[in-house]
1. Mind listing which trypsin sites (Lys or Arg not before Pro) in the range 21-110 are in a DSSP loop and have 14 or fewer other Cβ atoms within 10 Å?
2. Let a ≥ b ≥ c be the square roots of the eigenvalues of the Cα gyration tensor of the range 1-72; is it rounded (a/c under 1.5), or, if not, prolate (a/b larger than b/c) or oblate?
3. List nothing, just return the count: lysine pairs in the chain, 8 or more apart or interchain, with Cα separation under 26 Å.
4. So how exposed is THR81, as accessible area in Å² (1.4 Å probe, rounded to 10)?
5. Where the centre of each part is set by its Cα atoms, how far does the range 1-38 sit from the range 45-60, in angstrom?
6. Quick one: angle between helix 82-101 and the longest Cα principal axis of the chain, in degrees between 0 and 90, rounded to 10, please.
7. What net charge is computed for the residues neighbouring GLY84, neighbours being all others with C-beta under 11 Å from the C-beta of GLY84, Lys and Arg scored +1, Asp and Glu -1?
8. Would you mind checking the tilt of helix 26-37 against the longest principal axis of the Cα atoms of the chain, expressed as 0 to 90 degrees and rounded to 10?
Amino acid sequence: MKETRLGEFEEVILLLIGILGDEAYAYRIAAEFEAQTKRNVSIGAVHSTLVRLDEKGFVTSAMGAPTAERGGRRKLIYTITASGRSVLKVSRDLRVSLWNQFPAMAGLEI
């Protein structure tokens with residue numbers, strides 16, 4: 001049976017794929033992770049997470065068109081699947097529910 005939960009890093013990577021759209025390839029995802037979180041990430045960590053997300057059925061990948069800046073090489077572009085969108089919604093709903101139950105934070109703008 002496939003794992004259907006997301007770890008925190010997987011969740012962030014999946015969200016970044018959604019944000020980046022047609023630019024969601026490994027190097028760009030890593031760069032956006034660093035820009036958004038102000039934390040370093042290795043390209044290997046991003047690659048292994050993308051493989052896991054694919055194995056879980058949360059993303060698909062397809063080769064993009066060759067680009068001159070990459071010497072004619074193609075990029076592997078990632079897209080969120082319906083299952084990926086669903087697991088993100090479940091994750092978001094759980095976090096919002098938990099935040100709303102935290103007395104010191106309930107009702108505050110986050």
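1. LYS38, ARG39, ARG73, ARG74
2. Oblate, because a/c is 1.5 or more while a/b does not exceed b/c.
3. Values: LYS2/LYS56; LYS2/LYS89; LYS38/LYS75; LYS38/LYS89; LYS56/LYS75; LYS56/LYS89.
Taking the chain as the scope, the lysine pair count is 6.
4. Approximately 30 Å² for this residue.
5. About 9 Å separates the Cα centre of the range 1-38 from the one of the range 45-60.
6. Once rounded, the angle reads 30 degrees.
7. Details: positive: LYS56, ARG85, LYS89; negative: GLU10, GLU11, ASP54.
Cβ neighbours under 11 Å give a net charge of 0.
8. 30
The values are calculated or read from the model by the stated rules, or taken from the named source; none is laboratory data. Fair warning: this is a prediction, and the values are worked out from it, not measured in the lab. Please note: Cβ atoms are built from the backbone with ideal geometry, for glycine as well, and neighbour counts cover all protein chains shown. When the accessible area is computed, the model is the full protein with side chains, heavy atoms only, and any ligands, DNA or RNA have been set aside. Shrake-Rupley method; radii C 1.70, N 1.55, O 1.52, S 1.80 Å.
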